[in-house]
Structures are given as C-alpha cells and as structure tokens.
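Working notes for the structure below.
None of the figures in this text is laboratory data; all of them are computed from the coordinates on show. Everything quoted here is computed from the prediction, not taken from an experiment. A quick note on method: Cβ atoms are made from the backbone with ideal geometry, for glycine too, and the neighbour counts reach across all protein chains shown.
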Amino acid sequence: MLLPAALAWAVTASGYAGAAACRPCHAATFAAQSASAHAGALARSKPPQPGQWAFGAGSQAITFVSRLDAENYLEHGESWYRSARSLALTPGHRNAAGVRYRLFDPSAAILRCFACHSTGPLSFDAGEEIVPNELGVRCEACHGPAAAHVRDPARVRPANPGRLSADALNALCGACHRMPAATGDATDLHNPWNARHQPLLLAASACFRKSGGRLSCLTCHSPHAALETNLAAYDAACRRCHAAPRHARSVGRQACAACHMPAVHPQPNLAFANHRIAVYAPSDPLSPIAARR
C-alpha cells in the first residue's frame, strides 16, 4: 500500500524501518536520494537560523517554524531565499509577524506541514510537542512502511510507485505537491501561486490528457536523484511523443521546457516551472496560446 505523507500519522511507527535500513542493499539509490531536496525537506534549525524547525532544503527557500506554547506553532514571517542569500517575506504572508497555527485545529494545517516534510507517523512527546518519525521525505514516504521487507526481503516486497498509472502517481505526488482540483471546483490556473502545485497544472495540460497514461511525474523526474536543473536534459522525454515538432519560427537549440514550461515568479526570489505544458507568449507564462498535442 502506498501511503500519502499527509496521512502518515495514521500508521504506527513499528511498520517503518527508516532510510538507513535501505542502505545495505540499495547503496547507490540511498546515496542519491540522501543528496536530494526531498531528503532535506525538514531539519532542526541551526544557528544563526531562527526558530526551532527549518522547512525546505534551501534549493529555493527555507521557512522557519517555532512552537509558541502547548497549543500553538508559529510559521515565521521571514524565510531565507537562496537567490537573495537573505531573509524576506515568507510566501503567502503579509508581514513579518508570522502566522499562528493551533496544534489541534480542525484543518490540521501544522500537522500536514510536518507530515509532508517528514516520513512515517507523527507522534507527540510528554509535552504534546510534534515529533516526526524521520526527518525529510525519505524512502518509505513513497514505498510505504518497509520494516517487514527489511526483516524478510525475499518474501515481502515494498510498494513500487513506478507501477502506478499516471493518474494514480499524480495523486500520490499531489498529496503534498497539491492534488488536481475536484470535478466542479473552480481553480484559477492563471494564479501564479499555483505554479508550485505541479500535479494540478500537469493534469490541466493537453500533453497529460492526451498521453494515454504515458505522461507522469516519473516521465521527466528521477524519483531518487536531485532535481535536474539543466532544461535541455528534459528534451529526450519530450521527443518520445514529439519526435519532429513543427515550430512557427526558429527556436535554435532552445530547450523544449524553456518555451513550453516557462518559469513563473509568484513573488521575488521564487521561480517554478509551469507544468501546464503548452505554447506561451514570452510576456505571459500562465496563459496558453495553443496546445497542439
């Protein structure tokens, strides 16, 4: 069974082995995944960082969280941004005062933050402070609890997301990267903040809808390695369906994604590739001109 990280606290910790248990048999995969942003998605803050918790590996930003008291956590109003090498307003915040979250609020917002940035079930210590089972998004976040596999690897196999359909894989990744909108829901695909919700926009693209289930997150992204930032490296995936694309004008050696998945800047210091694959005007990276697929 594949377990979305946002629901991980519903499963007991005894079923989880921890990423270190995977290393003896999967050394190369373990090393690659350990160097990824997923693995560094959650850590304890270290001086001179503010707060108690650091959310994000720092590939773009790190947001800080502190426990205020027995019932409340604070998401700090300033995050650290790699592009600026400094602190600036946290995404979605209006000022530097930060946002307070009640621990047991019906929305479970702070619990979902911890669950998506860690692996395995959340627990609470004697003072009711959140205790992640394992920091970062590690092996069992996608492959499910693996303690039984570690004990008997020949007979008990972990879940394999690579066998999922494109829709199911989109839903698995979307548990934390945001799910596609439910039928009938009005979602503003032109809102620049939705650019960081990759499964949402990918599901809206003609490439995804017309691929016959062939296009998924794994078509372009290695599930274990660090994110590839060289856009030309993704061209091979595009050629599987578009061996001889026709262009109205010369594109030279421009990478496919540079034009068809343009960068969106929802605020200064942040950039996300628009996963709604289409044709865009340079002046508007959110409104498709056409999607001839």
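Can you tell me how many residues in the range 116-132 are buried (at least 21 other Cβ atoms within 10 Å of the Cβ) and not in a strand (DSSP E or B)?
Count: 3.
Which of the residues belonging to the range 206-234 are of a type in the set (A, V, I, L, M), in contact (Cβ under 8 Å) with a residue 24 or more places away in the chain and assigned to a helix (DSSP H, G or I)?
If the condition is that a residue be of a type in the set (A, V, I, L, M), in contact (Cβ under 8 Å) with a residue 24 or more places away in the chain and assigned to a helix (DSSP H, G or I), then A206, L218, L231 are the ones that fit.
Would you confirm, using the coordinates I've provided, whether D284 is out of contact with any Phe, Trp or Tyr (no Cβ under 9 Å at 6 or more places or on another chain), under 30 Å from F30 (Cβ atoms) and acidic (D, E)?
No: the conditions fail for D284.
What are the residues in the range 84-133 that are in contact with a Phe, Trp or Tyr (Cβ under 9 Å, 6 or more places away or on another chain) and among the β-branched types (V, I, T), if any?
T90, I110, T119, I130, V131
Would you check which residues across the range 51-91 are part of a loop (DSSP other than H, G, I, E, B), closer than 30 Å to E228 by Cβ and either in contact (Cβ under 8 Å) with a residue 12 or more places away in the chain or in contact with a Leu (Cβ under 8 Å, 6 or more places away or on another chain) (or both) and list them?
G56, A57, G58, S59, Q60, R82, S83, A84, T90, P91
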